[in-house]
Amino acid sequence: MNQESDENISDTCSVCHQSIKKEYYFCPNCGNKLNAPPLSTSVWTQIGIYAFSIILPSICFIFVTRWPGLKYSKSNDLDKRRIGYIAWVLLIISTILTYWFAYAWTKNVIQSAVDTANADLSSYSL
């Protein structure tokens with residue numbers, strides 16, 4: 001009679017020992033995280049991951065542990081793994097560009113300072 005409802009109950013919460021169903025991500029009683037929710041492949045999620053991958057080097061890897069690209073690239077789902085790989089490519093490209101721009105800017109600033117110093121020295125010698 002209640003066989004269907006008994007089949008849906010798979011375990012108990014490790015924190016509050018409330019009966020839980022297999023499909024629960026959080027315990028309805030205490031809120032304990034039971035399973036990781038599935039990764040989203042929505043357009044907005046992809047845009048967010050790709051944007052984060054591009055700006056990540058600019059914020060000096062402060063939030064690298066929160067970068068979702070790693071989680072997506074390890075997924076068993078091919079679509080999710082593709083999103084992760086694209087995020088990795090964007091991260092690598094943006095890191096290379098960030099370092100290149102930083103190098104070029106620093107070189108330009110130093111050269112400008114040397115040119116200014118040389119101009120100042122040459123005006124005193126006349």
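The values are calculated or read from the model by the stated rules, or taken from the named source; none is laboratory data. Everything numeric here is computed off the predicted structure, so don't read it as measured data. Here the Cβ positions follow ideal geometry from the backbone for every residue, glycine too, while neighbour counts run over all protein chains shown.
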In region 54-76, is there at least one residue being surrounded by 11 or more Cβ atoms within 10 Å (Cβ to Cβ), part of a helix (DSSP H, G or I), at pLDDT 85 or above and not polar (S, T, N, Q)?
yes
Return the residues of region 32-42 that are surrounded by 11 or more Cβ atoms within 10 Å (Cβ to Cβ) and out of contact with any strand residue (DSSP E or B) (no Cβ under 9 Å at 6 or more places or on another chain); say none if nothing qualifies.
39, 40, 41
Taking residue 94, is it polar (S, T, N, Q), touching a residue at least 40 places away in the same chain (Cβ under 8 Å) and part of a helix (DSSP H, G or I)?
yes
